[in-house]
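Peer 1: Sharing a structure with you now.
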Amino acid sequence: MINASTISINTDILRPTQVEIDLDRLAANYRAIQAHAAPAAVMPILKANAYGHGLVEVARHMQSLGAPYLGVAFLEEGILLREAGVTTPILVLGGIIGNQIPRFLAHDLTLTASSVEKLGQIEEAARQMGVRARVHLKIDTGMERIGVHYYSASSLLEASLTGDHFEVEGIFSHFANADAADQSYSRLQLERFNHVLGFYSSRGISHPPLRHMANSAAIAGFRSSHMDMVRAGILLYGVYPSDDTPRTVEVRPSLSWKSRVVYFKVIQPDHPVSYGSTWRSDHPVRAVTVPVGYGDGYFRSMSGRAEVIIRGKRYPVIGRVCMDQVVVNIEWDSAYNGDEVILIGEAENGAAITVEELADWAGTIPWEILTNVNTRVPRVYKVTADR
Ligand SMILES: *Cc1c(COP(=O)(O)O)cnc(C)c1O
């Protein structure tokens with residue numbers, strides 16, 4: 001178990017701006033999703049540095065919890081995991097380019113095949129290397145991203161029965177609007193996918209490949225789409241896709257983002273703050289400077305809206321967010337150099353700032369907030385005291 005205290009990372013010498021990952025919460029979230037989705041299996045989705053949580057650490061944790069499969073977006077993410085010693089099967093969800101195939105095979109990564117042509121390239125590369133490729137077929141049921149269209153999938157399914165050097169282990173599709181209040185498009189997509197899957201029963205194939213379609217929103221709100229496996233992304237990290245997604249699984253945020261006060265001063269009236277001089281006060285205020293900025297993924301578009309927690313109380317970020325620093329107005333309260341500043345997370349008195357709030361301030365979605373926390377922000381892994 002990775003634990004800041006037991007492996008004695010000296011967190012004092014790290015940059016004062018840090019992301020804290022609560023591994024117990026991640027485990028609890030995984031188990032909650034598992035219990036909810038059973039008998040479907042759960043594939044944790046670890047793309048984009050595991051939604052900012054740290055690709056390798058989260059993968060090892062999920063492997064230790066017995067996750068049957070891991071999902072990433074790109075070949076390079078899969079290779080990083082193999083080089084780190086992760087042995088769980090890994091599905092690379094994104095599209096593939098022909099010359100990448102040998103590298104997939106060399107690292108025992110599962111390929112997504114979305115056309116007869118790609119399947120042919122996989123067969124040929126695997127034959128040359130004398131290995132057996134693992135393949136999941138991708139069916140486009142209404143996303144128009146990658147995948148063979150549902151209305152012309154039969155040639156791909158037909159071809160998938162014939163290869164000597166690949167094994168079709170799975171078949172999947174992806175929802176476009178599962179987080180919306182109106183589920184009619186999701187129902188249509190599921191219907192299309194089920195129609196494609198009818199191929200197997202029409203051929204009398206009693207053991208079709210692993211079928212999977214549900215992302216976080218569908219895990220929570222669309223049980224009939226769970227099939228053999230679900231792909232848990234943002235929900236695994238304790239964040240719900242949208243306000244419209246029913247709260248059927250109890251998960252808690254696994255990431256907090258903290259910094260510390262590096263500077264304290266009093267700002268006099270009519271002395272504007274930060275680039276563009278967009279903020280000024282008509283009375284003296286106390287303010288502190290915090291070493292975090294848009295170069296860390298603390299979006300500049302949150303200028304004028306963002307808040308932080310210091311000593312259990314919320315205060316506004318004033319003026320523009322800089323690349324490496326922000327200024328916080330504490331009015332006439334007290335704060336000292338070294339005081340903790342919560343950017344995302346919970347204070348001991350229960351005050352909290354959520355990923356959803358940052359997304360709202362920045363005019364974006366929680367996924368973009370999490371995946372943009374830059375790698376220059378050190379990650380610290382901990383287990384909660386109350387477990
Ligand atoms: C990113 C992704 C997921 C996970 O999505 P969440 O909404 O974060 O759960 C699932 N499947 C595919 C194909 C993806 O690209």
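Peer 1: How high is the relative contact order of segment 1-143? Use alpha-carbon pairs under 8 Å, at least six apart in sequence, and give a whole percent. Each step should come with its number before you reach the end.
Peer 2: Values: 159 pairs, mean separation 21.1, N = 143.
Relative contact order, segment 1-143: 15 percent.
Peer 1: Would you mind checking the tilt of helix 116-129 against the longest principal axis of the Cα atoms of the chain, expressed as 0 to 90 degrees and rounded to 10?
Peer 2: Around 90 degrees separate the two axes.
Peer 1: Treating each Cα of segment 255-382 as an identical point scatterer and ignoring solvent, apply the Debye formula and state log10 I(q)/I(0) at q = 0.14, 0.16, 0.23 Å⁻¹.
Peer 2: Log10 of I(q)/I(0), two decimals: -0.57, -0.75, -1.52.
Peer 1: Cα-based count: Lys pairs in the chain below 24 Å, eight or more positions apart or different chains?
Peer 2: Working: K47/K118; K47/K138; K47/K258; K47/K382; K118/K138; K258/K313; K258/K382; K265/K313.
Value for the chain: 8.
Peer 1: Among T375, T112, T17, which one moves the most in a GNM of the chain with springs linking Cα atoms closer than 10 Å?
Peer 2: Result for the chain, Cα springs under 10 Å: T375 fluctuates most.
Peer 1: What is the local net charge at L236, summed over the other residues whose Cβ is closer than 14 Å to its Cβ (Lys, Arg +1; Asp, Glu -1)? Provide the component values of the computation, followed by the final result.
Peer 2: Numbers: positive: R25, R31, K47, R231, R252; negative: D22, D24, E57, E250.
Charge balance near L236 sits at +1.
Peer 1: Also: Gap in Å between the Cα centre of segment 63-112 and the Cα centre of segment 252-273?
Peer 2: Going from one Cα centre to the other spans 40 Å.
Peer 1: Over the chain, what percent of the accessible surface lies on carbon and sulfur atoms, probe 1.4 Å? Write out the running numbers ahead of the final one.
Peer 2: Working: 8460 of 17020 Å².
Looking at the chain in its full context, I get 50 percent from C and S.
Peer 1: Extension gain S184-L65, at 0.36 nm per residue separation less the Cα-Cα distance, in nm? Intermediate results must be reported in sequence, preceding the final value.
Peer 2: Numbers: separation 119, 0.36 × 119 = 42.84 nm, distance 3.51 nm.
Between S184 and L65, full extension yields an extra 39.3 nm.
Peer 1: Taking every DSSP beta bridge that has both residues in the chain, what percent is antiparallel when rounded to the nearest 5? Show your work: numbers first, answer last.
Peer 2: Values: 29 of 57 bridges.
So the antiparallel bridges in the chain amount to around 50 percent.
Peer 1: Would you mind checking the tilt of helix 184-202 against the longest principal axis of the Cα atoms of the chain, expressed as 0 to 90 degrees and rounded to 10?
Peer 2: 30
Peer 1: Still on this structure, please answer the following. Taking only the Cα atoms of the chain, how large is their convex hull per residue, in Å³? Mind showing how you got there, number by number?
Peer 2: Values: hull volume 57.6 nm³, N = 387.
About 149 Å³ per residue, rounded to a whole number.
Peer 1: Here's a follow-up. Between 0 and 90 degrees, rounded to the nearest ten: what's the tilt of helix 23-37 against the longest Cα principal axis of the chain?
Peer 2: Approximately 40 degrees, to the nearest 10.
Peer 1: Follow-up question, since we're still on this one. With springs only between Cα atoms under 10 Å apart, run a GNM on the chain and tell me which of K258, K313, K47 wobbles the most.
Peer 2: Answer for the Gaussian network model of the chain: K313.
Peer 1: May I ask you to compute the full-extension gain from L14 to S201, defined as 0.36 nm times their residue separation minus their alpha-carbon distance, rounded to one decimal in nm? Let's see the in-between values first.
Peer 2: Working: separation 187, 0.36 × 187 = 67.32 nm, distance 5.73 nm.
Answer, rounded to one decimal: 61.6 nm.
Peer 1: FRET efficiency for F264 and D243, Cβ-Cβ distance as r, R0 = 45 Å, nearest 0.05?
Peer 2: On the way: r = 38 Å, r/R0 = 0.84.
Efficiency computed from Cβ-Cβ geometry: 0.75.
Peer 1: Moving on. Could you give the size of the charge dipole of segment 39-237 about its Cα centre, using +1 on the Cβ of each K and R and -1 on the Cβ of each D and E, expressed in debye and rounded to the nearest 20? Write down the numbers at each step before the final one.
Peer 2: Working: 16 positive and 18 negative charges, 46 e Å.
Dipole size: approximately 220 debye.
Peer 1: Okay, moving on. For the charge dipole of the chain, defined by +1 on Lys and Arg C-beta atoms and -1 on Asp and Glu C-beta atoms about the Cα centroid, which residue among A67, A178, A84 has the Cα displaced farthest towards the positive pole?
Peer 2: A84
Peer 1: Taking θ as phi - 60°, what are the ³J(HN,Hα) couplings along segment 218-225 by the Karplus curve (6.51, -1.76, 1.60), each to the nearest whole Hz, with x for Gly and Pro?
Peer 2: 6, 4, 6, x, 9, 4, 5, 9
Peer 1: So for the chain, taking the charge dipole from beta-carbon charges (+1 Lys/Arg, -1 Asp/Glu), which of I267, V131, P378 sits furthest toward the positive end?
Peer 2: The Cα lying farthest towards the positive end belongs to V131.
Peer 1: Moving on to the next point. Take every Cα pair under 8 Å in segment 255-382 that's 6+ residues apart, average their separations, divide by the length, and report that relative contact order as a whole percent.
Peer 2: Working: 288 pairs, mean separation 36.2, N = 128.
Relative contact order comes out at 28 percent.
Peer 1: Right, something else. State, to one decimal in nm, how far the label point of N99 lies from the label point of R376, with both points 7 Å from Cα in the Cβ direction.
Peer 2: So the label points at N99 and R376 sit 3.3 nm apart.
Peer 1: Right, another one. Ordering L161, L91 from largest to smallest accessible area (1.4 angstrom probe), what's the sequence? Before the final figure, lay out the partial values.
Peer 2: Numbers: L161 85, L91 0 Å².
Per-residue accessible area, sorted high to low, gives L161, L91.
Peer 1: Say we join alpha carbon atoms closer than 10 Å with springs in a Gaussian network model of the chain; which of A181, A41, A359 then has the biggest fluctuation?
Peer 2: With Cα springs under 10 Å in the chain, the top fluctuation among A181, A41, A359 is at A181.
Peer 1: Let me ask something else about it. At 222 nm, what helix-only mean residue ellipticity would the chain give, in deg cm²/dmol to the nearest 500, using -39500 (n - 2.57) for each DSSP H run of four or more? Before the final figure, lay out the partial values.
Peer 2: Numbers: 11 runs with 105 residues, N = 387.
Calculated at 222 nm, the ellipticity per residue is -8000 deg cm²/dmol.
Peer 1: Considering only protein heavy atoms, what per residue accessible area in square angstrom results for the chain with a 1.4 angstrom probe?
Peer 2: Values: 17020 Å² over 387 residues.
On a per-residue basis, the chain sits at 44 Å².
Peer 1: Same structure, new question: Contact order normalised by length for the chain, with contacts defined as Cα pairs under 8 Å and 6 or more residues apart; what percent is it? It would help to have the intermediate numbers written out before the result.
Peer 2: Numbers: 815 pairs, mean separation 72.5, N = 387.
The normalised contact order for the chain reaches 19 percent.
Peer 1: So, one more: For the ranges 291-300, 314-323, 214-223, 193-202, what's the packing order if you count other beta-carbon atoms within 10 Å of each residue, average per peptide, and put the highest first? Mind dumping the intermediate values first?
Peer 2: Working: 291-300: 21.3, 314-323: 19.5, 214-223: 24.2, 193-202: 16.5.
The peptides rank, most packed first, as 214-223, 291-300, 314-323, 193-202.
The values are calculated or read from the model by the stated rules, or taken from the named source; none is laboratory data. Quick caveat: nothing in here was measured; it's all calculated off a predicted structure. Heads up, the Cβs are rebuilt from the backbone with ideal geometry, glycines too, and the neighbour counts pull from every protein chain shown. For accessibility, only protein heavy atoms count, side chains too; no ligands or nucleic acids. Shrake-Rupley method; radii C 1.70, N 1.55, O 1.52, S 1.80 Å.
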